Amino acid sequence: MARPKAKTSARRASRRTTTKRAPARKRRNGARMRAKARPPQRFVVSHHREDDFESGLRSYAKYRDLGIVKATNGMVRAHVIRFVPPCRPEEVSKRHYHDVDFQMVYVLKGWIKTELDGQGAILMRAGSAWIQPPRIEHVVLDYSNDCEVLEVILPADFATVELNEPPVLSRGASK
């Protein structure tokens, strides 16, 4: 009967080793990391209504706020941007950047052509998504008459900085 007892003890020992907590994460300097205390978030739902599209940052776009700013206590902004047709490059093609921690864009309808610093001009179609790293310089080059994008930004309140240099519409081309 000594054998079954040894197996039971081995199983208990095995269970103990698998249920141990992982050690607390440490910073490079050895100090323990504390999770940032975030304000509580609340449930919110936003159903599509044409009346919800309003003027905003850009005159060539209408914005539909999805209620995320209030629900996250200012941590995140999410809105649908509907570009107003027709695209006028002289109005939309202004190089700028956003002073954000995170920015993600997803094309819901149509297409948009944008130039991101270091990436060149890229045509994004419905279903395309991209991350714009913080403070990356970019310019809208063109968009379809039905273009709509979903944009998610952290933090909710941020600055947009217009740059004085004209957009580079084609690289390496000479007149």
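The values are calculated or read from the model by the stated rules, or taken from the named source; none is laboratory data. Source: prediction; values computed, not measured. Glycine also receives a Cβ, built like all others from the backbone with ideal geometry; neighbour counts cover every protein chain displayed.
Selection of region 42-65 for residues being assigned to a strand (DSSP E or B) and acidic (Asp, Glu) yields Glu54, Asp65. Scanning region 99-129 for residues being over 19 Å from Arg64 (Cα atoms) and within 14 Å of the chain's Cα centre (by Cα) gives a total of 5. Out of all the residues in region 51-65, which are over 18 Å from Ser144 (Cα atoms) and surrounded by fewer than 19 Cβ atoms within 10 Å (Cβ to Cβ)? Scanning region 51-65 gives Asp51, Asp52, Glu54, Ser55, Gly56, Leu57, Asp65.
Highlighted here are the strands (runs of 3 or more DSSP E) found entirely within region 66-175 that include at least 2 residues which are surrounded by 12 or more Cβ atoms within 10 Å (Cβ to Cβ) and either free of Cβ contacts under 8 Å to residues at least 12 places away in the same chain or in contact with a helix residue (DSSP H, G or I) (Cβ under 6 Å, 6 or more places away or on another chain) (or both): 77-83. For region 39-87, the candidate set comprises residues that are under 21 Å from Phe158 (Cα atoms) and of a type in the set (D, E, K, R); within that set, the residue that is modelled with the lowest pLDDT is Arg58.
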